[in-house]
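The values are calculated or read from the model by the stated rules, or taken from the named source; none is laboratory data. Only a predicted model underlies this, so the values are computations on that prediction, with no experimental measurement involved. All Cβ positions, even for glycine, are placed from backbone atoms using ideal geometry, and neighbour counts span all protein chains on display.
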Amino acid sequence: MDISVFSVTGPVMIGPSSSHTAGACRLARVAREIIISPFNHVSFGLHGSFAKTYKGHGTNRALLAGVMGYKEDDEAIARAFELAESAGFTYDFHEVELEDVHENTVLLDFTMADGRHNEIIGSSLGGGRIVITRTNGFETEYTAQTPTLIIRQQDKPGVISQVTGILAQKGINIGVMKVSRRGKGDTAFCVIETDSEIREDVVESLTRIEDLLFVRALNIWG
C-alpha cells in the first residue's frame, strides 16, 4: 500500500490540526474554485467532529480563510475574522446532521452576488487530504489531487463522447471520470480527472459543445 509522507507527518500548515485546520482551509479553497462566480455570504454547516471542536481547533478560521482564497500555510488564517470584516464579507456557522459522510464534513452554502445559491459538501480526511462529495446535489468524489474538469451538461447521447474526443485530440489522458444525473434526459454533472494540466485552449474547445452548460478546469492540486 502506498502511503504519502504527508499522511504521516501532515502538510505544511498554520494551525494545530491537519484535518481540522489545514484540511478545512484546503476544502473551503477548493469549493471557492469550483464556484468561481462572485459571492458575498457563506453559511458553513458543520457536521460531526467539525461541529464539536471547530472553535478549539480553529476550523472556523480555516474555513473562512479558505473561501477567501488563502492557502493552508498562510499566516492570514489567524486573522480570518478581521480580514472578512475588512472585505465586507459575511458568514455564519451552525451545526448540521448529514447522512453517510465523514466525521469532518462541512456543507458550504454560497450566496452569490445575484442572489442564487450554490451548495458544496466536502470532508477533510486527515493529513490535509480532502474530498468534495456533492456539488449542487450532484455526487462528485473530487479529491483535488490531479488536474480536473468539472462539467455540467444536458443528459443527451453523444455529449460525453464529444468531451472525451476533444481531450484525446488535445493529448490529455483521462484518469478517472464520474458522471451523475438528476434523471434521464435531465441535467448531468461530470468530473474528469486527468494526467496533465488542462490548458485554456482545451476549455475553449469544450465550451463550443452545444449541450454543455458549464465547464471549469481546476489545476489546483498539491
Enumeration of residues in the range 93-135 that are in contact with a His (Cβ under 9 Å, 6 or more places away or on another chain), not hydrophobic (A, V, I, L, M, F, W, C) and not in a strand (DSSP E or B) | 97, 102, 103
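Please count how many residues of the range 32-58 are assigned to a helix (DSSP H, G or I), at pLDDT 90 or above and closer than 19 Å to residue 87 by Cα. Steps first, please.
Let us first name the residues in the range 32-58 that are assigned to a helix (DSSP H, G or I), namely 32-35, 49-53.
With at pLDDT 90 or above added as a condition, the list becomes 32-34, 49-52.
So of that shortlist, the ones also closer than 19 Å to residue 87 by Cα come out as 32-33.
Within the range 32-58, residues that are assigned to a helix (DSSP H, G or I), at pLDDT 90 or above and closer than 19 Å to residue 87 by Cα number 2.
Give the number of residues within the range 66-89 that are under 23 Å from residue 124 (Cα atoms) and not in a helix (DSSP H, G or I).
7
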Single residue of the range 1-31 satisfying the filter (touching a strand residue (DSSP E or B) at 6+ places or on another chain (Cβ under 7 Å) and modelled with pLDDT of 90 or more) that is nearest to residue 134 (Cα to Cα) | 31
Can you tell me which residue among 171, 185 is surrounded by fewer than 18 Cβ atoms within 10 Å (Cβ to Cβ), out of contact with any helix residue (DSSP H, G or I) (no Cβ under 6 Å at 6 or more places or on another chain) and modelled with pLDDT of 95 or more?
-> 171
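Might you let me know whether the range 28-38 holds any residue that is of a type outside the set (Asp, Glu), in contact (Cβ under 8 Å) with a residue 24 or more places away in the chain, assigned by TED's automatic domain parsing to the domain that holds residue 138 and more than 20 Å from residue 220 (Cα to Cα)? If you could, list the steps in order and put the result at the bottom.
Step one: of the range 28-38, the residues of a type outside the set (Asp, Glu) are 28-32, 34-38.
Among the residues that remain, those that are also in contact (Cβ under 8 Å) with a residue 24 or more places away in the chain are: 28-32, 34-38.
If we keep only those that are assigned by TED's automatic domain parsing to the domain that holds residue 138 as well, we get 28-32, 34-38.
Those still in the list that are more than 20 Å from residue 220 (Cα to Cα) too: none.
No: the range 28-38 contains no residue that is of a type outside the set (Asp, Glu), in contact (Cβ under 8 Å) with a residue 24 or more places away in the chain, assigned by TED's automatic domain parsing to the domain that holds residue 138 and more than 20 Å from residue 220 (Cα to Cα).
Listed here are the residues, each with its yes/no results for (1) under 19 Å from the mean Cα position of the chain (by Cα); (2) under 25 Å from residue 99 (Cα atoms); (3) outside the structural domain of residue 88 (by TED's automatic domain parsing).
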| site | (1), (2), (3) |
| --- | --- |
| 117 | yes, yes, no |
| 120 | yes, yes, no |
| 136 | yes, yes, no |
| 160 | no, no, yes |
| 169 | no, no, yes |
| 174 | no, no, yes |
| 187 | no, yes, yes |
| 193 | yes, no, yes |
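So that you can scan it fast, the table gives a plain yes or no per residue for (1) in contact with a Lys or Arg (Cβ under 7 Å, 6 or more places away or on another chain); (2) charged (D, E, K, R); (3) touching a residue at least 12 places away in the same chain (Cβ under 8 Å); (4) surrounded by fewer than 23 Cβ atoms within 10 Å (Cβ to Cβ):
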| residue | (1), (2), (3), (4) |
| --- | --- |
| 47 | no, no, yes, yes |
| 51 | no, no, yes, yes |
| 55 | no, yes, no, yes |
| 76 | no, no, no, yes |
| 80 | yes, no, yes, no |
